[in-house]
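See structure below.
The values are calculated or read from the model by the stated rules, or taken from the named source; none is laboratory data. Values in this document were obtained by computation on a predicted structure and should not be read as measured data. Note: ideal-geometry Cβ built from the backbone for every residue, glycine included; neighbour counts use all protein chains shown. Keep in mind that these areas ignore ligands, DNA and RNA; they rest on the heavy atoms of the full protein, side chains included. Shrake-Rupley method; radii C 1.70, N 1.55, O 1.52, S 1.80 Å.
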Amino acid sequence: MQNKIVAVKEGGLIYATLVEKDTPPKEYSSGIRLGPPDTIVEVKLTAGLLAKLTELLFEFKFYSAPDFMNRKPELFVIFQKLGIPTKDHKSLAKHIISLYQQDYFGVNNG
Amino acid sequence: MANVLTVGANRIWLIEGKAGPANEPQYISMGALGALDWPQGDVTKFERPSDLQYNQWIEAGSFQGSADRVTSTLTTYETIGRSTMLTLIRKKCALDLQIHKGICTDPRDFDGFEKVWIVPNVLLSSFASAEQGALEGEGQAASTEEVGVSGTEIIEVLRMAYTEVAQTQVGEAVVAVDVCDSINCGDCEGTTQSDGCQRVFAVTDGSSSSPGVLPQVVATGNSFSTIVESWISTAAIGTVVNDAGCVGANFVVLVGSTPAIHYASSQDIIDGVASWTKVTTGLTTEPLSIYNYSPLNSFISGKSGYVYAMSNPADGVTTLDAGVAAGAVDLEAINGYDAENVAAVGTNIAIYSRNGLTFSAMTTSPTAALKTVAYRTINEIWMGGTGATVYYTSDYGAHWATKSFPAAVTGVKRIVWANSSVGFILANTASGGRVYRTINGGYSWYLAPENASLSVPTNSALTDIVICEPNKVFIGGTAQGGADGILIKGTD
């Protein structure tokens, strides 16, 4: 059975969700949530910017942790679109990647 | 347009006893070196009959003989005092010659060079004088001495500049850097031409923030024209990385927290398809430092004085010394000259091996928290750590000598040698890390870069350095502020 990744809005945030290809939209929320992790709310952004961040993460196909490897330049483009100062890009990227890695690999990985 | 040098731009320095920390370079003010001749081996072709014409042959292949020594003639004016050249001829000891080339600098300033050709390990092959008298006035001439010189090779030393690379990809402190490359002509299937400095690997620590990230490798296959990241997915988030290095076809990372070795194919890392493997076989204590001599010959030092051997990362390690030689003191650094001569250091302890199997404590050890050890020659071992002093011994600790750095230096983090003449030291201060360089075997060290209008990129500390050739290094450390990492390329 082929799958597709769809955007599910919950609590104002967009979550990438894996569903079967022929799943109707009203059932998207029952799919497998790929990301972002619930801990994304720890990112120090306003509610509006956080919502926009999740939209852009979905748009740029940053679904789960492995999607972030080798793609920092694109992440920085997202931050530029959000109007985040360049000097804060690396620390914000590190925080977001940390949250996704914890969710994907587990804190006790290794 | 490049500045074309004239022969007048050359000055000769002679280091009696060869380059070394106790051997002062001597400026030969009244001398000149003749042309250098360095045969690279005759090229011989072999033929086969032509497929297209009878009585014709075509080249089937060729081979080149071995390189010969560098030869030249050193001519000096004779003075009324002792003849330096005659004295050296009679000693029959090897020496180094350095040809310092410049346009705008003071010829008498050894470290003020613009370019240097080092001819190491010179033996004087002949001595000839000028005519020893003139019957008539028109035969009057300056009296000269001429010695034949024969050296091993020509090493070119250039001024270097240091620039930050991979700024986007590096997000955490760089703990270790290595070059998994060698000179390649690109003739064989699957190989590409390389100057030996293309494939560079740096590993960042996962623990510099809370809760941290996975440690990762930032690598390049083309000297940072393109850059890849590879998360060490078999490690724990926030794990401490102690060291890393190239071992054969793999890149090996030593981690603390949960002591282990993680490795992946270096080619797969560059291709973005790395599959990491975690190994703990044989590890009793946390691995701290790795020295690799060959694909099947690596040494790892660890906590509690352990020394391990590793021939294949997949098989883990075997214990060579269970902390006996080091008295159970953590061995922070290990390094070697070859597969037999290996040394490791820790706080107030230095141990060594001369057979690659058994280790002994040096006769005495410097009283310092030692963090780095390096062989300049098979007989001379350098080490450094906290403080502004580096130590060296040529008799396994029976005697020690030191070199001091400015008081601002709070610690020496790394000593590395490109050859017996050229070396680098990473030293840290309260305001950041510095690079010191020597081109005379450690007799004098100067603050890099050579051009005072340039500087090493701002940082809060420098941690590791790898030399891939005397004028090309890669350095890792912590960026200013302490939360980010920095990777620096130093090149001519």
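For residue B:270, the stated conditions do not hold, so it cannot be described as outside any strand (DSSP E or B) and within 11 Å of chain A (Cβ to nearest Cβ). Tell me, please, whether a residue that is open to solvent by 20 Å² or more (accessible area, probe 1.4 Å), at pLDDT 95 or above, within 17 Å of residue B:408 (Cα to Cα) and part of a loop (DSSP other than H, G, I, E, B) can be found in the range B:438-447. The answer is yes, given that some residue of the range B:438-447 is open to solvent by 20 Å² or more (accessible area, probe 1.4 Å), at pLDDT 95 or above, within 17 Å of residue B:408 (Cα to Cα) and part of a loop (DSSP other than H, G, I, E, B).
In the range B:231-249, how many residues are within 11 Å of another protein chain (Cβ to nearest Cβ), farther than 14 Å from residue B:275 by Cα and either among the β-branched types (Val, Ile, Thr) or open to solvent by less than 10 Å² (accessible area, probe 1.4 Å) (or both)? Working first, answer last.
Filtering the range B:231-249 for residues within 11 Å of another protein chain (Cβ to nearest Cβ) gives B:231-239.
Still in the running and farther than 14 Å from residue B:275 by Cα: B:236-239.
Adding the requirement that they be either among the β-branched types (Val, Ile, Thr) or open to solvent by less than 10 Å² (accessible area, probe 1.4 Å) (or both) leaves B:237, B:239.
Count: 2.
Just for the range B:150-175: of the residues that are part of a strand (DSSP E or B) and in contact with a Gly (Cβ under 9 Å, 6 or more places away or on another chain), which one is farthest from the other protein chains (Cβ to nearest Cβ)? Checking each candidate, the answer is B:161.
Taken over the range A:50-81, the criterion of being surrounded by fewer than 15 Cβ atoms within 10 Å (Cβ to Cβ) and aliphatic (A, V, I, L, M) is satisfied by A:77 alone. Per this entry, residue B:461 is not counted among residues that are surrounded by fewer than 23 Cβ atoms within 10 Å (Cβ to Cβ), modelled with pLDDT of 95 or more and either farther than 27 Å from residue B:218 by Cα or of a type in the set (Phe, Trp, Tyr) (or both). Of all residues in the range A:73-91, those satisfying the criterion of being in contact with a helix residue (DSSP H, G or I) (Cβ under 6 Å, 6 or more places away or on another chain) and within 11 Å of another protein chain (Cβ to nearest Cβ) are A:75, A:76, A:89.
Of the conditions (1) free of Cβ contacts under 8 Å to residues at least 40 places away in the same chain; (2) of a type in the set (Ser, Thr, Tyr); (3) within 18 Å of residue B:164 (Cβ to Cβ), residue B:463 fails just one. Which one is it? The one condition residue B:463 does not meet is (1).
One residue alone among B:252, B:273, B:228 is crowded, with 24+ Cβ neighbours inside 10 Å and under 21 Å from residue B:200 (Cβ atoms), and that residue is B:252.
Residues in the range A:91-103 that are out of contact with any Leu (no Cβ under 9 Å at 6 or more places or on another chain) and in contact (Cβ under 8 Å) with a residue 12 or more places away in the chain were compared, and the one that is surrounded by the most Cβ atoms within 10 Å (Cβ to Cβ) is A:100. With respect to the conditions (1) within 14 Å of another protein chain (Cβ to nearest Cβ); (2) part of a strand (DSSP E or B); (3) within 29 Å of residue B:453 (Cα to Cα), residue B:178 falls short on a single one, namely (1). Checking the range B:190-201 against the condition returns no match, with no residue being β-branched (Val, Ile, Thr), free of Cβ contacts under 8 Å to residues at least 40 places away in the same chain and within 14 Å of another protein chain (Cβ to nearest Cβ). When the range B:160-197 is filtered for residues that are within 16 Å of the chain's Cα centre (by Cα) and either open to solvent by 10 Å² or more (accessible area, probe 1.4 Å) or modelled with pLDDT under 95 (or both), the ones remaining, listed by number, are B:178, B:179, B:180, B:181, B:182, B:183, B:195, B:196, B:197.
Across the range B:40-72, the number of residues qualifying as in a loop (DSSP other than H, G, I, E, B), in contact (Cβ under 8 Å) with a residue 12 or more places away in the chain and open to solvent by 50 Å² or more (accessible area, probe 1.4 Å) comes to 6.
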